[in-house]
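Encoded as structure tokens, here's the structure I'll be asking about.
The values are calculated or read from the model by the stated rules, or taken from the named source; none is laboratory data. No experiment lies behind these values; they were computed from the predicted model shown. Neighbour counts run over all protein chains shown; Cβ positions are idealised from the backbone, glycine included. Please note that ligands, DNA and RNA were not included when accessible areas were found on the heavy atoms of the full protein model with its side chains. Shrake-Rupley method; radii C 1.70, N 1.55, O 1.52, S 1.80 Å.
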Amino acid sequence: MSLDRRSFIAGSAALAAPLALPVQVFAQEKIVRFTLPQDFTRIYTFVTSEYNQGQRDYFTLVNDRGGVGGYKIVADITDHANDLPRAIEAYERGKREGAVLIDPLSTPVARALVPRALEDKINMITAYSGRSDAADGSAFPYVLPLSINYWTQAGLIIEQFKKTEKGSLKGKKIVFVHIDTPFGKEPLPILNVLAKKEGYELTAFPYTPPGNDQSAIWPQVRRARPDFVIFWGAGVGQTVALTEAIRNGLPMDRVSGSVWLSESDMDVVGREAAKGVMKVEPCVGGREPKVIKDILADVIGKGKGAGPENKVGTAYYNYGVQMATLMVEGVRKAAEKAPNGPVTGPWLNEGLRSITNFTADGLLPPTTITKDDHQGGGMGRIARWDGARFVPITDWYSANQDVVWEEIRKNSEEFKKSGK
Amino acid sequence: MFYRRAGIRHTRYQDERQLFPLGFDRGLIIAVLAILLAAPFLFDRLYVSGYLLPWLIWTSAALGLNLLMGWSGQIHLGYGAVMGIGAYGSVHLVRLGVPLEIAMIAGGLLSATIGTMFGGAALRMKGIYLAMATLAMQYVVDFVISHSSVISGGSLATLQVPPVSFLGIPLQGEVPTYYLALGVCFVITLFMLNVRRTSFGRALAALREKDYAAQILGISTFRYKLLAFWVSSFIGGVVGSVLAVTYLRAISPDQFHIELSIQILAMIIVGGLGSVLGPFFGTALILFAPILLNNLLGFTAGTFGLSLPIDLRAHLPLMAYGALVIGFLLYEPLGLAKIYANFRNYLLVWPFRHAQR
């Protein structure tokens, strides 16, 4: 290629331009800035876009009503595509712009950001992801799951199975089909401890990531004649797992997933075929909760919705709203404690860690975040797919928290020992 | 203009043999080095730890892979695994109380040992067959790390890097970590600049061009192929431990997957195989183009009130980025380093049209 000087200079100027762009700095005072770099393009895709849509719609609702405690919420959204350099850049950018909270919605990213968040005192939300042991607030003051971690979810599922079997799982066979990654193996310690305690027999069947072919696993699952099946994955692996479970004729009403199952997954599997399958619900699904109704009326109704209207009220959308309500409640609490700020990480942290009995008008189970318990009490419920929507079959409950907390303490002690 | 080359001839062998015989090149490099040295005090933290630090680390890794792929022509698709071995090896040693200086070298040695074991495959196969063998290495290492909780660190599979110090300086905050990465990158660059002037470098080049011809010339292909894998894996291991200590600070298996290997491969291909400058350019493009395009689009959308759906906004930079990479390779298959060389050659004889060779 022959290169003349003019095109070279023009080209390099074009390349350098984005670097020189001024970072927007809002001079107004009454603003709380969140940064939401999430994975829209690589692995979680539709999960993220529904989750994020819920968050933004709720922030719009809050801001249109005049904010909270005198503060408006500003949320910056970027795509980190689960790529660490991009995520860390987004984190640093957010920090520089004055963000006091980050929600990366990705386990690998959250794990890499933990040391930074702790050092910089920026609140990192690790909803259903990240490190399960971050539930121990004394070891992770700035890492806030604000939701039931994978260990608690496993504990809830086992408790539900126990109820189905009228109080005893002795001699029963439970099969755990999981994606063969650290995330997929995460519930294993809890399931193993409970196996000893409850007397059931646990068999684990790992499938290789990303999980778009599981045809070798499920016939083995069928042959094992399990009384119950738990399948653990997210994204593409979930729909394949469910499809294979149906094809192998497993009784759907004895199959349960974690929180990662939504209407969108069911569309792929076939709404009718999947009837009966269970999942863990961290918050109410559908459009009935007051918050969702408010969003429909005041945000979607006024044409300010952040995405397609038919996604409003889906499972992942509501998870996003759930997290957004908790963040906003944290701001409200923080503003109650120190109305004039200054808006910093520690300021918001105080608020987030004093959320008491918060239900967001019936969207969530009563959630209490304290300085020790970042999980918020560990309440969830089991819902069953009836062909059109997830119908709760239990009330909010919490189970096996002693076992879960033992594991949390074990890991957080280890973290304290090596991390500081 | 800048180079004042026309008419100037070297009169001593030493002048001709310098790494950078032209005064302007020397000045440019000193200027860049000075800027890099002063960067933590000149630039905002965002640019130091969000751009410069990863750039230096990934460039170091790309240089290591370039020795293997660009110089000796051995394809390697498992470089992420090589870095992972170094990272895990050194972090475990550091956790056991071994000083970082030794742990880094030990991590490099561990990578070199395992890397050479897999590199042995290169003695029997070439090209895409070797690519498959090294790909197997990637998966084997991934599997071993994520399946031994002793290595990956318990049920949560995250290994925290304890506070460490290098030569007595605690590596905390962005300044010391940045200087460590800069130092390592400097040493590796210096090594790569010199390697092509040694018999080792020339033997690798001969291997790359035709390995049996090299054998006939008296170069032991057995020895040099393994040596190429050894050196490149050693660099990979050391960079892996730098990556863990200065950048990630908590390592988990998914940070060293095939994506990392492909990313580094893309960097050296876009930058220019077999050049030292190439990885610097390639890394900058591959790491930062998506970020910059994303920010640019976000900024444009924000300023001009463009309301793009977030999904589209997230995907547009990817499209632009893909087009950018294809464009570069279409117009200059030899990579960004060659574009720079063209520009430099043009300036060398400016205002004249052709160089006198």
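Against the condition within 22 Å of the chain's Cα centre (by Cα), surrounded by 22 or more Cβ atoms within 10 Å (Cβ to Cβ) and either over 15 Å from A:GLU281 (Cα atoms) or not β-branched (Val, Ile, Thr) (or both), how does A:ASN357 come out, does it pass?
no
So the check is Cβ under 6 Å with 6+ separation or different chains; which pairs have a first residue in region A:244-270 that's under 16 Å from A:VAL391 (Cβ atoms) and of a type in the set (Gly, Ala, Ser) and a second one that's open to solvent by less than 50 Å² (accessible area, probe 1.4 Å) and not in a helix (DSSP H, G or I)?
What qualifies is A:SER256/A:ILE230; A:SER256/A:MET278; A:GLY257/A:PHE231; A:GLY257/A:LYS279; A:SER262/A:THR314.
Looking at A:TYR128, A:TYR207, which one is away from chain B (no Cβ under 12 Å) and within 22 Å of A:LEU105 (Cα to Cα)?
Exactly one of A:TYR128, A:TYR207 is away from chain B (no Cβ under 12 Å) and within 22 Å of A:LEU105 (Cα to Cα), namely A:TYR128.
Out of all the residues in region A:326-346, is one or more more than 30 Å from A:GLU272 (Cβ to Cβ), touching a residue at least 40 places away in the same chain (Cβ under 8 Å), in a helix (DSSP H, G or I) and within 14 Å of another protein chain (Cβ to nearest Cβ)?
There is no residue in region A:326-346 that is more than 30 Å from A:GLU272 (Cβ to Cβ), touching a residue at least 40 places away in the same chain (Cβ under 8 Å), in a helix (DSSP H, G or I) and within 14 Å of another protein chain (Cβ to nearest Cβ).
Here is a follow-up. Is there any pair linking a residue in region B:245-264 that is more than 8 Å from chain A (Cβ to nearest Cβ) and touching a residue at least 24 places away in the same chain (Cβ under 8 Å) to one that is surrounded by fewer than 23 Cβ atoms within 10 Å (Cβ to Cβ) and acidic (Asp, Glu), with Cβ under 7 Å and at least six apart or on different chains, and which?
Filtered contacts from region B:245-264: B:HIS257/B:ASP142.
Kindly evaluate B:PHE143 against the criterion of being in a helix (DSSP H, G or I), more than 14 Å from chain A (Cβ to nearest Cβ) and either under 23 Å from the mean Cα position of the chain (by Cα) or of a type outside the set (Asp, Glu) (or both).
no
Any residue in region B:39-53 that's more than 7 Å from chain A (Cβ to nearest Cβ): show its pairings with residues that are among the small types (Gly, Ala, Ser) and in a helix (DSSP H, G or I) at Cβ separation under 7 Å, as long as the two are six or more apart or on different chains.
That search, which allows pairs on different chains as well, returns B:VAL48/B:ALA39; B:LEU52/B:ALA39; B:LEU53/B:ALA181.
Going by what's in this entry, would B:VAL150 be described as assigned to a helix (DSSP H, G or I), within 14 Å of chain A (Cβ to nearest Cβ) and open to solvent by 70 Å² or more (accessible area, probe 1.4 Å)?
Details: assigned to a helix (DSSP H, G or I): yes; within 14 Å of chain A (Cβ to nearest Cβ): yes; open to solvent by 70 Å² or more (accessible area, probe 1.4 Å): yes.
The answer is yes for B:VAL150.
Looking for whichever is open to solvent by 50 Å² or more (accessible area, probe 1.4 Å) and more than 30 Å from B:PHE186 (Cα to Cα) here; the options are B:LEU312, B:LEU277, B:LEU297. Which one fits?
Result: B:LEU312 is the single residue among B:LEU312, B:LEU277, B:LEU297 that is open to solvent by 50 Å² or more (accessible area, probe 1.4 Å) and more than 30 Å from B:PHE186 (Cα to Cα).
Further, regarding this structure: Using beta carbons and a limit of 8 Å, which pairs, at least six apart or on different chains, have the first residue in region B:286-307 and more than 9 Å from every other protein chain (Cβ to nearest Cβ) and over 16 Å from B:ALA323 (Cβ atoms) and the second one open to solvent by 20 Å² or more (accessible area, probe 1.4 Å) and of a type in the set (Gly, Ala, Ser)?
B:ALA301/B:SER307
Residue by residue through region B:157-211, note down the ones that are more than 22 Å from the chain's Cα centre (by Cα), more than 30 Å from A:PRO182 (Cβ to Cβ) and surrounded by fewer than 19 Cβ atoms within 10 Å (Cβ to Cβ).
B:LEU167, B:GLY168, B:ILE169, B:SER199, B:GLU209, B:LYS210
How many residues, within region A:339-352, are open to solvent by less than 30 Å² (accessible area, probe 1.4 Å) and more than 13 Å from A:MET124 (Cα to Cα)?
Qualifying residue count for the region: 3.
I would also like to ask the following. Inside region B:75-109, can you point out the residues that are open to solvent by less than 10 Å² (accessible area, probe 1.4 Å) and under 27 Å from B:ARG197 (Cα atoms)?
Passing the criteria: B:HIS76, B:TYR79, B:VAL82, B:MET83, B:GLY108.
Shifting gears a bit: Taking region A:275-313 on its own, how many of its residues are within 26 Å of A:ASP227 (Cβ to Cβ), open to solvent by less than 60 Å² (accessible area, probe 1.4 Å) and over 23 Å from the mean Cα position of the chain (by Cα)? Walk me through it before giving the result.
From region A:275-313, those within 26 Å of A:ASP227 (Cβ to Cβ) are A:275-282; that's our starting set.
Pick out the ones that are also open to solvent by less than 60 Å² (accessible area, probe 1.4 Å) and you get A:276-282.
When the remaining residues are screened for being over 23 Å from the mean Cα position of the chain (by Cα), the result is A:276.
Qualifying residue count, region A:275-313: 1.
Here are some conditions: (1) at the interface with another protein chain (Cβ under 10 Å from one of its Cβ atoms); (2) surrounded by fewer than 22 Cβ atoms within 10 Å (Cβ to Cβ); (3) not in a strand (DSSP E or B). A:ILE77 meets all but one. Which one does it not meet?
Here A:ILE77 clears every test but (3).
Quick check, is A:PHE46 open to solvent by 10 Å² or more (accessible area, probe 1.4 Å) and either within 25 Å of B:GLU259 (Cβ to Cβ) or not polar (S, T, N, Q) (or both)?
Considered against the rule, which asks whether it is open to solvent by 10 Å² or more (accessible area, probe 1.4 Å) and either within 25 Å of B:GLU259 (Cβ to Cβ) or not polar (S, T, N, Q) (or both), A:PHE46 comes out as yes.
Just to confirm my filter: which helices (runs of 4 or more DSSP H) fall fully inside region A:179-272 and include at least 3 residues that are of a type outside the set (Asp, Glu) and open to solvent by 40 Å² or more (accessible area, probe 1.4 Å)? Walk me through how you get there before you give the answer.
On the way: elements: A:182-185, A:188-198, A:217-223, A:236-247, A:263-269.
So the answer is A:188-198, A:217-223, A:236-247.
I would also like to ask the following. Anything in region A:398-420 that is open to solvent by less than 40 Å² (accessible area, probe 1.4 Å) and either within 14 Å of chain B (Cβ to nearest Cβ) or over 11 Å from A:THR152 (Cα atoms) (or both)? List them, or say none. Lay out the reasoning, then the answer.
Going through region A:398-420, the residues open to solvent by less than 40 Å² (accessible area, probe 1.4 Å) turn out to be A:399-401, A:403-404, A:407-408, A:411-412, A:415, A:418-419.
The answer is A:VAL403, A:VAL404, A:GLU407, A:ILE408, A:ASN411, A:SER412, A:PHE415, A:SER418, A:GLY419.
For the condition under 26 Å from A:LEU156 (Cα atoms), in contact (Cβ under 8 Å) with a residue 12 or more places away in the chain and part of a loop (DSSP other than H, G, I, E, B), what is the one hit in A:GLY377, A:GLY320?
Of the residues listed, the single one that is under 26 Å from A:LEU156 (Cα atoms), in contact (Cβ under 8 Å) with a residue 12 or more places away in the chain and part of a loop (DSSP other than H, G, I, E, B) is A:GLY377.
In region A:80-93, what residues are at the interface with chain B (Cβ under 7 Å from one of its Cβ atoms) and either touching a residue at least 24 places away in the same chain (Cβ under 8 Å) or under 21 Å from the mean Cα position of the chain (by Cα) (or both)?
A:LEU84, A:ARG86, A:ILE88, A:ARG93
For every residue, the table says whether it meets (1) under 30 Å from A:PRO210 (Cα atoms); (2) within 8 Å of another protein chain (Cβ to nearest Cβ); (3) in contact with an Asp or Glu (Cβ under 9 Å, 6 or more places away or on another chain); (4) assigned to a loop (DSSP other than H, G, I, E, B).
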site: A:PHE40; (1), (2), (3), (4): yes, yes, yes, yes
site: A:THR48; (1), (2), (3), (4): yes, no, yes, no
site: A:GLY54; (1), (2), (3), (4): yes, no, no, no
site: A:THR60; (1), (2), (3), (4): no, no, yes, no
site: A:GLY66; (1), (2), (3), (4): no, no, no, yes
site: A:ALA99; (1), (2), (3), (4): no, no, yes, yes
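Quick check, is B:ALA337 more than 10 Å from chain A (Cβ to nearest Cβ), small (Gly, Ala, Ser), touching a residue at least 60 places away in the same chain (Cβ under 8 Å) and over 19 Å from A:GLN38 (Cβ atoms)?
When the stated conditions are applied, B:ALA337 passes them.
Give me a count of the residues in region A:136-178 that are assigned to a helix (DSSP H, G or I) and basic (Lys, Arg).
2
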